[in-house]
Each structure stands twice: as C-alpha cells, then as structure tokens.
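Single-structure report; data block below.
Just so you know, all these numbers are worked out from the coordinates, no wet-lab data involved. None of the values given here were measured: they were computed from a predicted structure. Note that we place each Cβ from the backbone using ideal geometry, even for glycine, and neighbour counts take in every protein chain shown.
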Amino acid sequence: MSRRRALAGLAVTVGALLASAAAAEPAQPPSLTVTRFDEDWSGLADPAARTGRWTEDFKYIPLDGGPAYLTTGLELRLRQEAFRNNLWGDGPAPDDGYLWVRALPYADFHLGRFRAFVQPIAGYAAGVQPSAGPTDRTGVDLLQGFAEVSLPVDGGAVVFRAGRQLMPLGSERLVGARYGPNIPLAFDGLRADLHAGRAKVSVFRVEPVRAGSGAFDDRAFSAKALWGAYATLPNLDLYYLGFRHRGATFGGRVGDEHRDSFGARSFGHVDDWRWNIEGVVQTGRFDGRKIRAWTLGSEGGRRFPDAALAPDVTVRFNIVSGDKDPGDGKLGTFNALFPKGKYFGELSPVGPYNIVSFNPAVALDLRGDVTLGVSAMAYWRYARADGVYDVPGGLLRAPGTSRARFIGKEAEVTLDWQATPELELSASASAFEPGRFIRETGPAETIGMFGLEANFRF
C-alpha cells in the first residue's frame, strides 16, 4: 500500500471518529435567561445537534423551508409572599400575604439580518393590601416588542434595535430587569450594540414603562428618561448613564432631577475564586442643588467542590452614600435609578440608598438538583441626617432626631429544587430584627418574611 493511500485511509478513519464523537456529544443548548431574546437556538438547524428533548421542537421552527425560522417559549410563575410586622409594624398592612401569577410567552422571528421579538405578559395579583401596585399586576399587555437589524462592520457587527425591551446592564445595580417582582421593568426607545471580538459597546436612549391595571394600557413614563453608553470588555465594564426625572422627591423636597452616573466594574474568576467590584460616582442637579453621590459595591466568593456538600461561600460589602447635610446646597443621596428587584436577598425591606451593608452567605449542594442557601445581613445608615429607603427609592423612615446608624440585622434561608429542566420550586424564610435607629424612630417589631415559588420555563 502506498504512503499516500495509507494517509488518505487514516484521514478518513480519523474523520469518521471525529464525526461519531460530535454526534455522541452534541453542543450544549443555551442557558435560559431572564430577557429570553439573548438565547441563540439557531444551532438546532443541524439535526445532529438535537438531543430529542421535547422543547427543541419549539426552539427552532423553520418557515417555508427557507432561511427564516421562529423560536418560541413560555414562562408560568406562581409566587406566594407573606409578611408579619411588615416595615417593622409601620406599614399600612403589617400582616400581609398575597399571590402573584404571571405568564410570559414569546416568539422570536429571524430572517437573515432582520429580527422581530414579541413577548406579551399576563400578570395578576390576589390579596395585596392595601391595594395592588404597578409591580404587582398589569392584566394582559406587551412586556417586550422590538424590531432589530444587524449590519456587518470590520471585525464585528452593529445591531440596531427599536421598541420595547428589558434592558439589564452588568450586575443590575443601576439598570435591572426587576425580574423578582411580578411585573418586570421594560423600556421604550432605541438601542445600538457594537460587537467586536469579546468587546461590546451599547448606546441607548429609553423611557421606563409604567404598568397600568387594565389590558394593554402600559405606557412609557415620559417624566423619566435614561440614556448612555455601556462598554463590556473581558473582566471589565465601563459606563456612563444619564438620567432625568421631572418631579423627583428627596428629603421632602420636590423638583426636577438630572443625574450623571460614571461607573466601572471589575469581575471574573480564577479557578474556584470569583470577584465582582463596582464603583459609581454621580453628579448633576436636583431642585437647584448640586448632586455629589457615590457607591462602592464588592463581592468575593469561592467554591469548594471537593468538600462535603460542595459549599459556595460569598461575602458582600456595600457602601451607598446619603445626604450628610440637607442645608449645604448639595444632595448626597445616591440614586440607584432602576435597580434589580431582589437587591439584598429574596425578601428584604431596605434598598441601596444611604446604607452600609455586610452580607456573608453560603450555598450547599444537597443533592445535585437541590440547593440550600443560608445568609446574614447587617445594615447601617451611611449619613445620620438621611433616612432609610426601600428598593424603588421610597423613604421608609425619615432620620428624625436619631443619631443612631444601626438599622438592623437579617437572616435568610432559601431552598431551591430544580425538579425538571423546566420546573424550579423554591422557598425562602427571612427575619429582620430592628436596630437602634428603627427603635428610635417608630414601631420596631421583628419582620417575618416568607416566599414560595413555582416557575415553569422553556
């Protein structure tokens, strides 16, 4: 046998082995995301990439045998929350329990460089006291609906998008999807994404959507606007966010707010270690006063995969500025703009304004598909002349005459079970014991918080 024929035979044999291996180990499907539009299921066009999972028939639907295809999916979520002594006994309904129900189907149409994405929502609430708000219910409405075109550029592509969309940025400290509450937060407007290798730069101008209680009555809230640029590089985010709010409220004063946020975030992992550190400086004006605010958030963690229960340890430390002197002509209260819904845990009454927080946590792998989480939180006021706020930025407790910094401490236990690839069941229980500041400024009962959730997604 000649050497050429032997090499040709070897090449054929190796090729057959590689093809067999590829068929035996198909590419992993994309992870399900909160936004859904950033899942790419086009790989299922290759029959060899399919595993036989029943959901694959919904993820790649070729249309008329041509290049066009459709991706569909659905989320059904039931969530029960209950509070005892809510807001330390100071709320309008201290003992409250309610049920959230939402359905999020979607359809994602692709034709070459054009794309159209539509996601309606049906969101209802039962038992919310004293009444359901825009994060509780919206009836039947449009959560997301946008058109998009992708154009090639040297070494990458630029994607132009117009319409209604969820828009979580980075770690969602300032712009989040608000996925935890019943009604996520969408924006109406324009966005352009430049992709170049591992780098991505987004520029946008949008207005937040405010949910109405009836059908198809969600509208952009024109009193607020957000614009800026967000660059994501390997292990580094850099961004500028501009924000306008007509009729904002701080410290009992009402006025127009214009705020500029300049931020940087370092994140990544090495072996079993990981980190996420983010700093933001804010300038601007509110009701004739200069804005000078800032925040520094840090998170570090390590997994121990070889230890019993494979513990995953995380420690978070955050400082968020408040207003030190209401009479100095400056506003020092940080504005978290549109933060994620679950900021300091599953159920915590306080938000990222005028606060110092310390939060150690550990997650334990009980059975591969069952995870137990245990965490603790401690909170202090950053500025004694400023109060305590909730996650959306509403004032919970004015500073009054108290000089105390300690707000309180919280303990939380969570249990998550991935019952099937599509069904997740979870439960949480939290207790918030008030500190000296809460005791000196009003009712100071220990808050009990409980949550149960069933989430079916594909």
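Structure summary
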read-out: Unit charges on C-beta of K, R, D, E only; dipole of region 15-173, Debye; value: 120 debye
read-out: Rounded to whole Hz, the Karplus (6.51, -1.76, 1.60) HN-Hα couplings of region 436-450, x for glycine and proline; value: 4, 4, 5, 5, 8, 10, x, x, 9, 7, 6, 8, x, 10, 9
read-out: Peptides 246-252, 260-266 ordered by average Cβ neighbours within 10 Å, highest first; value: 260-266, 246-252
read-out: Protection proxy ranking, peptides 164-176, 401-413, average beta carbon neighbours within 10 Å, highest first; value: 164-176, 401-413
read-out: Rel. contact order, % - alpha carbon contacts under 8 angstrom, at least six apart, the chain; value: 11 percent
read-out: Net length gained if the chain between ASN235 and LEU74 were fully extended (0.36 nm per residue, minus Cα distance); value: 54.8 nm
read-out: Nearest-0.05 FRET efficiency for ARG439 and ARG285, computed from C-beta distance (R0 35 Å); value: 0.45
read-out: Debye-sum result for the chain in log10 I(q)/I(0), which assumes one identical scatterer on each alpha carbon, at q = 0.08, 0.10, 0.13 Å⁻¹; value: -0.54, -0.83, -1.42
read-out: Diffusion constant of region 167-221 at 10 °C, which comes from Stokes-Einstein with the Kirkwood Cα-pair radius and 1.306 mPa s, µm²/s; value: 123 µm²/s
read-out: Residue order, fewest to most surrounding Cβ atoms within 10 angstrom, among HIS195, HIS110; value: HIS195, HIS110
read-out: Rg/Rg_ref, region 276-423, where Rg_ref = 2.2 N^0.38 Å and atoms are Cα; value: 1.24
read-out: Per principal axis, descending, Cα span of region 228-327 in whole Å; value: 57, 28, 18
read-out: ASP271-ASP46 pseudo-label distance in nm [points 7 Å out on the Cα-to-Cβ vector]; value: 3.4 nm
read-out: Dipole magnitude (debye, nearest 20) for region 44-83, charges at Cβ of Lys, Arg, Asp, Glu; value: 140 debye
read-out: Helix-only [θ]222 nm of the chain, DSSP H runs n ≥ 4, -39500 (n - 2.57) each, per residue, nearest 500; value: -2000 deg cm²/dmol
read-out: Nearest-ten-degree value, helix 3-24 long axis tilted from longest Cα axis of the chain; value: 40 degrees
read-out: Stretchable slack from ARG405 to LEU452, in nm (0.36 nm times residue separation minus alpha-carbon distance); value: 13.7 nm
